[in-house]
Amino acid sequence: MDGILLPMSYNYSKFLFYSSFSMIISAFIAIIMNDLYVTIYFILLFLTSINYWRRPEYGLRRNIDLFIVYIGVFIVSIQWILLKNEFNRYLFISLHFCCLIFYLLEFILVYFKSVKWIIFHMMIHIYGSLSALLIIFN
């Protein structure tokens, strides 16, 4: 691979690449619901995520992807406060609590050098996409 040490083999990163496509579903639903900001965010997140996971390397592409993710976490935290529907609020909290647990499990598995962390990161992709639907349908 051009002599560059990658954080992981393509045999594993392809799963994260494919799970990144779950974000485009949220973007399509946001387009249908005429929510411009959510649409723009999920298209950006989709593009940066697939761009990074197609060939994961430490560097600018990873930093841009992380920056977009951090912006989203901040915006989603604000949106959570604005949710009017109580059921959606609790569902939203549950989804994000699951993402936090997945992140902690992922961190532990990375520490122990287990490739099973990929499963939890894929779940973060999927659950993060689901949370956008709660904002759109609020």
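The values are calculated or read from the model by the stated rules, or taken from the named source; none is laboratory data. Just so it is clear, the structure is predicted and the values come from calculations on it, not from any experiment. Counting neighbours? That spans all protein chains shown, and the Cβs are built from the backbone with ideal geometry, glycine included.
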Legend entry - Every residue from segment 97-138 that is in contact with a His (Cβ under 8 Å, 6 or more places away or on another chain) and over 17 Å from S22 (Cβ atoms): none
Inset, instruction - Kindly indicate which of M8, M23 is more than 14 Å from the chain's Cα centre (by Cα), of a type in the set (A, V, I, L, M, F, W, C) and under 19 Å from I124 (Cα atoms). - result: M8
Inset, instruction - Could you tell me which of the residues I68, I29, I64, I43 is in contact with a helix residue (DSSP H, G or I) (Cβ under 7 Å, 6 or more places away or on another chain), touching a residue at least 40 places away in the same chain (Cβ under 8 Å) and surrounded by 12 or more Cβ atoms within 10 Å (Cβ to Cβ)? - result: I29
Inset, instruction - For V38, indicate whether it is touching a Ser or Thr at 6+ places or on another chain (Cβ under 8 Å), in a helix (DSSP H, G or I), in contact (Cβ under 8 Å) with a residue 60 or more places away in the chain and closer than 19 Å to I126 by Cβ. - result: yes
Inset, instruction - List every residue pair whose Cβ atoms sit under 6 Å apart, with the two residues 6 or more apart in sequence or on different chains, where the first one lies in segment 14-26 and is over 20 Å from Y37 (Cβ atoms) and in a helix (DSSP H, G or I) and the second, anywhere, is modelled with pLDDT of 90 or more and of a type in the set (K, R). - result: F17/R54
Inset, instruction - Please give the number of the condition K84 fails out of (1) touching a residue at least 12 places away in the same chain (Cβ under 8 Å); (2) surrounded by 11 or more Cβ atoms within 10 Å (Cβ to Cβ); (3) over 12 Å from the mean Cα position of the chain (by Cα). - result: (2)
Inset, instruction - Keeping to segment 87-97, report how many residues are touching a residue at least 12 places away in the same chain (Cβ under 8 Å) and surrounded by 16 or more Cβ atoms within 10 Å (Cβ to Cβ). - result: 5
